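Everything below concerns the one structure shown next.
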Amino acid sequence: MVGQSPGEGRAAVLLQPFVHQVGGHSSMLTYDEHTVCKPLVLQELSFYESLPLAMRQFTPQYKGIVSVHLKKDSLGNLTLIASPSLGQPDSAAGDPAVTLWHKCKWSHTQVTKTFKESCPGKMLLRTDLQYHTDSLLEDANGKQPERKSYNPWGLHCHRQHLNRMSSKHSENKLHQFLLLENVVSKCSYPCILDLKMGTRQHGDDASEEKKARHIKKCEQSTSASLGVRICGMQVYQADTGHFLCKDKYFGRKLSAEGFRQTLRQFLCSGNRLRTELLEPIILRLKALLAVIRKQSSYRFYSSSLLIIYDGQEHKESADHHLPFPKSHGTNPSRVDVRMIDFAHTTFKGSKSNPNSTLYDGPDHGYIFGLENLIKILQSLSEGK
C-alpha cells in the first residue's frame, strides 16, 4: 500500500468519496481502510512536515503526496486518476515513495438526492438529505455493500470539487493530493463531531472581503461567545440503525445553550446518553489543552477539532450502572480527539509562508474554545 517501492502496487484502486466526512469544504477521498486523501495546500503540507512531536497524537498521520489528474470518459463521467510517478513537488523530497494508481468515477446520474427526516419531529436541515451511494461503493468484485445511511456532506463536497476542477483545468493538469491517516478507521459506526475552533477563522492571507465575511460568521455564532462552533456532526442511532447528521448551517445558528444541547445529543445513542464517554473525552481534551498552551507562535485559524467515538456499544458499557466504569487502561469506546485542516495555520518558520505575520505565545482563541468545551462537557457529566 502506501510506502511501497516504485515497482510495486500498480493495481487500480477505486477512490471513493469519504462517507464519514461531516464538515469542511475540501473533498476527502478514501484510498484504503486506513488512508484518506485531500487536495494539497502548501501551508498545510508545511505544518505536517514540521509538526511538533507533542502534537502528533492529536493529528492524523501524514503519509505522503500523490499526483492526480482529471479524466472524462465517452459518457461524460468525470474520473480522478492518481499517478504515482508524476509531478511530485520538491517539498516531498525525502519522503517515502508513494505508489498509487487511483480511480474515482463520478457521474451526476449516479447520485440522486431525496429528502428524508433523519429524526422524527426535527426540522428538515440541509444535511437531512439521503444520498443513494450504492453505485459509488462497490467493492473490488463489483458487488454492492449492504445499504446503509451515510452522511451526505462528503458527497456534496466531492461533487463541488469535481465541478471546479473540470471547469477550471484541462484533463492533463496535475493536482497534488495529501495522503493522511483515516482517523475513524477503527470505528464500526463512527460518531463524529467537527468543531471549528477559536474566535477568529480567517487566515493572514484572506482578502478584506473574506476577512469581513468570516468575522461576521464568528460574531453571529458561538465562535465569539465560546470560541468554538459546530461545523458538522454524525451520531449513530442504535434504535434506528441510521446516522443522525447535522451540518455547518445548523451549527452557525446555535446559541450557547443550543450548542450545549447539541453536545448532549452527540453523546446520545438514540436509546440512552452515553455518560461513560464523558470522562475519556474530557481527559483527552485536557491533554490537548496542555499541548496547545506550549505551542508558541502557532495560530490554528479555521482548523477543526474532531471528537470521535464508536457508535457500536460494548456490552460492559451498555450494562454499566456507574457513570464512569473502570476501563483498566483500555479504551472500549474508542474515544479520540484529533485536530484537522491546517490550510490557514501559521507558525514561526513555516516554509510555505515565510512572510506571514509572526505571533508570540500560544493561540489564546483556540485555548478559550477548548476551555469552554471542557467546562460544558464537565457540566454534562455532573448532570447539570
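The values are calculated or read from the model by the stated rules, or taken from the named source; none is laboratory data. Everything numeric in this text was worked out from a predicted model, so none of it was measured. Backbone-built Cβ (ideal geometry, glycine too); neighbour counts: all protein chains shown. With ligands, DNA and RNA removed, areas are computed over all heavy atoms of the protein, side chains included. Shrake-Rupley method; radii C 1.70, N 1.55, O 1.52, S 1.80 Å.
Looking at residue 103, is it part of a strand (DSSP E or B), open to solvent by 30 Å² or more (accessible area, probe 1.4 Å) and modelled with pLDDT of 50 or more?
Judged against the criteria, residue 103 is not a match.
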For this session: Return yes or no: is residue 51 part of a loop (DSSP other than H, G, I, E, B) and either out of contact with any strand residue (DSSP E or B) (no Cβ under 7 Å at 6 or more places or on another chain) or modelled with pLDDT of 80 or more (or both)?
Result: yes
Seminar exercise, completed: Of the residues in the stretch 327-342, those that are at pLDDT below 95 and open to solvent by less than 30 Å² (accessible area, probe 1.4 Å) number 1
Problem set entry | Residues of the stretch 181-216 satisfying the condition of being surrounded by fewer than 24 Cβ atoms within 10 Å (Cβ to Cβ), within 19 Å of residue 370 (Cα to Cα) and basic (Lys, Arg) | 200
Exercise. Which condition number in (1) at pLDDT 80 or above; (2) surrounded by fewer than 19 Cβ atoms within 10 Å (Cβ to Cβ); (3) closer than 22 Å to residue 340 by Cβ is the one that residue 95 fails?
Worked result: (1)
For this session: Consider residue 357 carefully, then state whether it is among the hydroxyl-bearing types (Ser, Thr, Tyr), more than 20 Å from residue 286 (Cβ to Cβ), at pLDDT 70 or above and open to solvent by 50 Å² or more (accessible area, probe 1.4 Å).
Result: yes
Exercise. When you look at residue 255, is it small (Gly, Ala, Ser), open to solvent by 10 Å² or more (accessible area, probe 1.4 Å) and in contact with an Asp or Glu (Cβ under 9 Å, 6 or more places away or on another chain), yes or no?
Worked result: no
Problem set entry | Cβ pairs under 8 Å, 6+ apart, first in the stretch 181-194 and closer than 14 Å to residue 313 by Cα and of a type in the set (A, V, I, L, M, F, W, C), second open to solvent by 30 Å² or more (accessible area, probe 1.4 Å) and assigned to a strand (DSSP E or B) | 191/236
